[in-house]
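Data block below; observations after.
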Amino acid sequence: MGRFRPIKQFRVSEEVLSQLKESILLGKFKSGEKLPSERELTEEFQVSRGVVREAIRALEITGFVILRQGPTGGAYVTDLSFDRVGDAFLDLFLSNKLSIPELADVRYFIEPETARLAALNAGEEDKKRLVEAQEAELLPVNETSARIIQFQKVHYIIAEACHNHFYEAIAKSMLRLTFKVVEAVDPDHEALHLPGEHNRVIAAVIGADPEAAKGEMQTHLKKFCKSLIAMETAYRQKSIGGRT
Ligand SMILES: [Zn+2]
């Protein structure tokens, strides 16, 4: 028996990858936040830019981050905490085993309940985040994916504020599928979702009025889900076109 443990020749990028994953899983980088830039990571880890790139790419493939282009681009942390559930749904959806009307039905069923629970359970921090997200909806955004993120934010916060992890996981999975559909179809966003459409839901949650929160979310989703269902044909055509 030797005096030392042999040093494993791990690939450096795997070590970088595992540290980044750990930071995400421990919540040091939260969903929707941007990871430090390639340059910053290169300096902090003291590795080459290629190694950092490889690790980020692996994070993207495993669904920990999404990469966005443009001036505010970078690696954005996805919503992972409970979200392996969502990956299974996404696979079924992409292989046409779940339809958009089915997705809309589940959202219409689940989210009024998450809103009701949020009105009962939201803490001060949740309420603060809702107000911030409400204000952020008014900021001009051109890029499709950024716009979807902007409008989904309130739905995500309500899912978290309901303080039931199963509801949260289901609601977030449905939001991710919705993101895929809307991103692929890239419809007329003005018609789909306007700033301020969440105001009544937010007011009811902040005002701790569970029945109003439920009702307002139903009203909001009735309109939104109708538009979502109308995207089915366009989505299937685009996704088939994109994959063959
Ligand atoms: Zn909405």
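Going by what's in this entry, would GLU60 be described as within 24 Å of PHE179 (Cα to Cα), surrounded by 19 or more Cβ atoms within 10 Å (Cβ to Cβ) and under 16 Å from the mean Cα position of the chain (by Cα)?
No.
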Next item on the list: Could you check the range 131-244 for helices (runs of 4 or more DSSP H) lying wholly inside it with 2 or more residues that are of a type in the set (Ser, Thr, Tyr) and crowded, with 19+ Cβ neighbours inside 10 Å?
Entry: 165-185
Check: Among the residues of the range 117-131, is any within 12 Å of the ligand (Cβ to nearest atom) and of a type in the set (A, V, I, L, M, F, W, C)?
Finding: no
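Bear in mind that the values in this text are calculations on the coordinates, not laboratory data. Computed from a predicted structure; not experimentally measured. Cβ atoms come from the backbone with ideal geometry, glycine included; neighbour counts cover every protein chain shown.
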